[in-house]
Each structure stands twice: as C-alpha cells, then as structure tokens.
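Readers should treat all values here as calculations from the given coordinates under stated rules, not as data from a laboratory. Every value quoted in this text rests on a predicted model; they were computed, and no experiment measured them. Quick reminder, even Gly has a Cβ in these numbers, built from the backbone with ideal geometry, and neighbours come from all protein chains shown.
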Amino acid sequence: MFGEAPASRELTIKLRGGHTYSGRVAWQKGHETGIQFYSPLSQSELEAVLCAPVNGARAPRLSTSTKVLVRSGASVSAGTMVNVSPRGAGLTLADPEFLQPSIKLGIPGLGTLGAQIRWQKGNQAGVSFNEVVLLKDLARCIQASAIG
C-alpha cells in the first residue's frame, strides 16, 4: 500500500480474481499493510487470490529444498524443487540432459504430478504443473521436506 493508513481505518479492496472484501487496517509497516477482514476468506477464495496471475506474472512462490524424482520419457533422475506455487515450480536438476517437454515429478507429500518444462538454463528449470495444487497440499509438501 502506498501512503499511510491509520490503524482501524475501514476500507474495501478488490483482490486478484475480482472479489471485493471489506475490513479495517490492523497494522502498517512501510508499504506493507495488514488488513483484518470482516468476514473470513473461504479456502476457495484464498486459492483464487493466490493463484491468479497479476498482469500475466506468475503466482507467488514459496522457497523450499524438497528432493524430487524427475521422470522424462523412460529416464528418471534426482532433482531439488527450490520453489513452488500452486501452478508450478523451480527445479535444480542432477542430470538436465535428458529432459523432454513433458515430465512427471515425484514430490514427497504431493505424489506424482505431470508438468511441462517452461524454461531451462543449465541445470535449472521452471515447470508449470498440469493441474493447480491446493495450498493445503503445498503446505503438506513443505512440511514433509522440513521433517525429512
């Protein structure tokens, strides 16, 4: 938020996905502002906000260091998922030479996901998942990575 907003100021905002919400300013630190909504966001509303692209930009990603298996055709190799969002991930690959445009990722806490390679530079790659992953499932994945 640009400009100051006094605590308890009432406001209505329009979030990604087109939904509007009313609430009050709970805190402000620099350009960051915490808003307490009058009604809680449902799981589906939160998913829509976090998954919707902003002017074509990718969804926000969470940092992780989750070990994954990458299957491309008949080949399987190890990799590390370095960031993840409901729509895709960044990978560091042990053997980047074998990649085909479509891959399968074996991810602890998530199972096997189909994905498409969007970019590759050396042993780094960006993938988009074939289906949107729910936030609760991403949390389970990151927790599994932290424990294991």
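Observations on the structure shown:
- Approximate spin-label separation residue 12-residue 130, in nm, with each point projected 7 Å along Cα-to-Cβ: 4.3 nm
- All lysines inside 28 Å of residue 67 as judged from Cα atoms, apart from same-chain residues fewer than 8 positions distant: 104, 121, 136
- Partner aspartates and glutamates for residue 14 [C-alpha distance under 16 Å; skip if fewer than 8 residues away on the same chain]: 45, 47
- Interchain or long-range residues, amide H under 5 Å from residue 28's placed H: 34
- Charges were assigned to the Cβ only: +1 to each Lys and Arg, -1 to each Asp and Glu. The resulting dipole of segment 93-139 about its Cα centre is roughly 100 debye.
- Multiplying the residue separation of residue 26 and residue 112 by 0.36 nm and removing their Cα-Cα distance gives an extension gain of 26.9 nm.
- Cα-based equivalent ellipsoid, segment 92-148: semi-axes from gyration tensor eigenvalues, Å: 22, 14, 9
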